[in-house]
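All remarks here apply to the structure that follows.
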Amino acid sequence: MVICQDIWVSGTTGYDYAKMTIVEDVVGQAAQCFENIAAALSQAGCSLDDVVRVLFIVPNRADWEPCWPVIKRYLGTAKPASTLIHAGLQTDAMRIEIEVTARLPKGE
């Protein structure tokens, strides 16, 4: 959703929508989440470097730490404000869900 300069991408899980599959490991799911988010942001005219806020939902606390290198790889430039919530997701196969808010670059 785009309103003025703000873009919201929510409910993003580790599904590869081109193949309609989801990998089992949380690291792979986190990377796929960011690929899905990057594609959505690109359609709106921005990138992961424009993310200003991120919410992570992870059912299993032990799955959080392995995701850190993935998060740094995808959000290391943006360094957005972030929140982590431990809660159940739609299916047991889902091990992480990510939502972001981004801001269109000035002049867009």
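Amide H to amide H, with H built 1.01 Å from N, SER82 comes under 5 Å of VAL54, counting only residues 5 or more places away or on other chains.
Return TRP68, TRP8 ranked ascending by Cβ neighbour count within 10 Å, so the fewest neighbours appear first.
Values: TRP68 11, TRP8 14.
Least crowded to most crowded, the residues run TRP68, TRP8.
With respect to the chain, whose longest principal axis is taken over its alpha-carbon atoms, helix 26-44 is tilted by about 20°.
Helix 64-75 versus the longest principal axis of the chain: what is the Cα-based angle in degrees, 0 to 90, to the nearest 10? So the helix axis and the longest Cα principal axis differ by about 20 degrees. Just to check, using Stokes-Einstein with a Kirkwood Rh over alpha carbon pairs, what's the diffusion coefficient of the chain at 25 °C and 0.890 mPa s in µm²/s? Translational D for this selection: 176 µm²/s.
P(r) tail, segment 68-108: Cα-Cα pairs separated by more than 16 Å, 52% of all pairs.
FYI, it's all coordinate maths here, none of it is from the lab. In this text the structure is predicted, and so the values were computed from the model without any measurement. Positions of Cβ are generated from backbone atoms using ideal geometry, with glycine treated the same way; all protein chains shown enter the neighbour counts.
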